[in-house]
Structures are given as structure tokens and as C-alpha cells.
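Novice: The structure's right below; bear with me while I get my questions together.
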Ligand code: IPE
Ligand code: IPE
Ligand code: MG
């Protein structure tokens, strides 16, 4: 396999050292999901049109994908277009579609050479024919790759995902193949568009907004959240490293206690005393 060259630059020794440090200082999240926000405001702040922000945002996608692969992240999910984004002016929507097609044309081969698998979640049937064709080709080309799975959320929303899962489960019940009392967390997880993907460990949102905007609503139950003021076109690998450092400092308790053995002993003694 060739060295990863998505950004067409040679990785510096300094960057390699930083990644190595990060790998030693704690766990690298297995799945990172990103709400890539702030392209329009970034462009406006430069006196440019919104589409320019989306274009430079593609460079961030490339840099973050490359650095995630290098770090050993296994799943990277990018919120690229939400169900609600269809409500934007048609010129912007068309511009985004064109950008998607041209980026896929440029990058598909590159992703493949770097052993990255491309998948999508969302209502792809709402996309124009040329977009779907380009996506399908890239998905097929990269289907056996296993270094990193890059999942693009396109025409996606968490509520849409849950609604679709409910419809599928309701159909099983209607056809007499499922007893409703057997419906549980795992069954719902298995009927979502992300059934093959583990829940995100870390969710990043750029642009200083503190909301989820209908992203992976079910899947984020125990994800660590990291919000940054940076607009997406400025979010490059150094910012990703900051987010991972923050992730490594979190105490993920999943509703339980992060007690050491000694603390367990103390708790048992306390309970005994209370008896
Ligand atoms: C994120 O940037 C990209 C998409 C939602 C498609 P925005 O286009 O939302 O940029 P802002 O948030 O308006 O600055
Ligand atoms: C979220 O950004 C959707 C994507 C990044 C694709 P938006 O810009 O659409 O979200 P809001 O409107 O700020 O909540
Ligand atoms: Mg936005």
C-alpha cells in the first residue's frame, strides 16, 4: 500500500511525532463523528460567497480523513448535508451537489489507494442522478477496504433514521414475525442506517454552535461531545488533535462508577455499616 497522500503532501516528522504522542497518551477513539459547520460564516468573514466556504471545507475533509486514518481511527462519520438543508436556497443546494460530484471524482481513486472505504447514510434517493452514480461508483470501488471507514451523512437526520427503523420493526410485527414485547435497544440499533457501525465515541461540532442539529440522535447516547469555535474550513489536524486530547481526559462512566478496587472496598464497608 502506498503512503497516505490524500492531501498530496508528505507527512512531516513533527506531525508523525504528534500522532505518536497522542497514541501513547491514551485511547484513540474508534469512531469520530463530526458536525462540519460554519462554512458560510467562514466565507463571509473573508468577504467571499458561501460556496467558497464549502469548497475550502472539502480541504478540511481531506486533512481530517487523512489524519484519522494515520492515527488508527476506524470510523469517521461526517455530517455533510442534513434533511433540513434541503430548505436552503436552490442555488446553494445545487452548488453543494456539484461540489460533491467533483470531489468524489477527484478523490475516489485516492481513497481506494489509501485503503479507505466510503459508505453513506441518509436518503440518497433524494439526490440527483449524477450524484448517486458518482457515489455508487466510489462505494463499489472502495467496498473491500478496511483501514478506515468514511461515512458521509447525506440528506440525513436522526429523526428520519429512527422513523425508518420504527417502520421496519412495525412491519415485522404486522406480518406476525415479531412479538412487540421482544423489541429492545439492540433491535432498534440493528434497524438504523448505522447498524454496521459502532456508536460514535466522540462527536465534534465546529463553529461555536452548541447543538446536535438532528445528527445521530439514538447513537450519541454515550458519546463524548466536543464543541469548538473554529469554523469547519479552519478545522485541520491540529484542531483534531486538541479534540482527541480532550476526549482522552474524559472519564467515560456509562452510568456506572469509575471506582478503583479500594473505593469498592470502602463502599462495601460503608454499606455494611449502614445495615
Ligand atoms: C456547514 O456549513 C455545511 C452544511 C450545512 C452543508 P454551513 O453552510 O451551515 O455554514 P454556516 O453555519 O451557515 O456558517
Ligand atoms: C448542521 O449544520 C448540518 C450539517 C453540518 C450538515 P446546520 O448549519 O444545518 O445546522 P443549524 O441550522 O445551525 O442547526
Ligand atoms: Mg451551519
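The values are calculated or read from the model by the stated rules, or taken from the named source; none is laboratory data. From a predicted model like this one, the values you see are computed outputs, not experimental measurements. Please note: Cβ atoms are built from the backbone with ideal geometry, for glycine as well, and neighbour counts cover all protein chains shown.
Novice: Residues that are touching a helix residue (DSSP H, G or I) at 6+ places or on another chain (Cβ under 7 Å) and either within 18 Å of residue 142 (Cα to Cα) or more than 16 Å from ligand 3 (Cβ to nearest atom) (or both): list the helices (runs of 4 or more DSSP H) wholly contained in the range 1-114 that include at least 3 such residues. Walk me through how you get there before you give the answer.
Specialist: Details: elements: 13-25, 39-45, 50-71, 90-113.
Passing ranges, in order: 13-25, 50-71, 90-113.
Novice: Only one of 227, 187 is closer than 27 Å to residue 40 by Cα and either at pLDDT 95 or above or touching a strand residue (DSSP E or B) at 6+ places or on another chain (Cβ under 6 Å) (or both); which?
Specialist: 227
Novice: Filter the range 63-102 down to the residues that are within 14 Å of ligand 2 (Cβ to nearest atom), within 18 Å of the chain's Cα centre (by Cα) and more than 21 Å from residue 212 (Cβ to Cβ) and list them by number.
Specialist: 100
Novice: State all residues of the range 196-211 that are within 16 Å of ligand 1 (Cβ to nearest atom) and surrounded by 20 or more Cβ atoms within 10 Å (Cβ to Cβ); if no residue qualifies, say none. Quick ask: steps written out before the conclusion?
Specialist: Quick first cut of the range 196-211, residues within 16 Å of ligand 1 (Cβ to nearest atom) only: 203-211.
If the condition is that a residue be within 16 Å of ligand 1 (Cβ to nearest atom) and surrounded by 20 or more Cβ atoms within 10 Å (Cβ to Cβ), then 203, 204, 205, 206, 207 are the ones that fit.
Novice: Quick check: is even one residue across the range 129-148 at pLDDT 95 or above, assigned to a strand (DSSP E or B), within 18 Å of the chain's Cα centre (by Cα) and buried (at least 19 other Cβ atoms within 10 Å of the Cβ)?
Specialist: Taking every residue of the range 129-148 in turn, at least one turns out to be at pLDDT 95 or above, assigned to a strand (DSSP E or B), within 18 Å of the chain's Cα centre (by Cα) and buried (at least 19 other Cβ atoms within 10 Å of the Cβ).
Novice: Name the one entry in 21, 66, 30, 14 that is more than 16 Å from ligand 1 (Cβ to nearest atom) and surrounded by 20 or more Cβ atoms within 10 Å (Cβ to Cβ). Spell out how you get there, then give the answer.
Specialist: Numbers: 21 fails: surrounded by 20 or more Cβ atoms within 10 Å (Cβ to Cβ); 30 fails: surrounded by 20 or more Cβ atoms within 10 Å (Cβ to Cβ); 14 fails: surrounded by 20 or more Cβ atoms within 10 Å (Cβ to Cβ).
Checking each option against the conditions leaves just 66.
Novice: Among 105, 117, which is away from ligand 2 (no atom under 16 Å from the Cβ) and buried (at least 18 other Cβ atoms within 10 Å of the Cβ)? Full working, then the answer.
Specialist: Numbers: 105 fails: buried (at least 18 other Cβ atoms within 10 Å of the Cβ).
Result of the check over 105, 117: 117.
Novice: In addition: Tell me the residue from 56, 101 that is within 16 Å of ligand 1 (Cβ to nearest atom) and within 26 Å of residue 227 (Cβ to Cβ), please. Walk me through it before giving the result.
Specialist: Numbers: 101 fails: within 26 Å of residue 227 (Cβ to Cβ).
It is 56.
Novice: I've got another one for you. Suppose the filter is modelled with pLDDT of 95 or more, within 16 Å of ligand 1 (Cβ to nearest atom) and within 15 Å of the chain's Cα centre (by Cα); does residue 215 pass it?
Specialist: Details: modelled with pLDDT of 95 or more: yes; within 16 Å of ligand 1 (Cβ to nearest atom): yes; within 15 Å of the chain's Cα centre (by Cα): yes.
Criteria met by residue 215.
Novice: For residue 44, which of the numbered conditions (1) under 19 Å from the mean Cα position of the chain (by Cα); (2) farther than 30 Å from residue 164 by Cβ; (3) within 11 Å of ligand 1 (Cβ to nearest atom) fails to hold?
Specialist: Single failed check for residue 44: (1).
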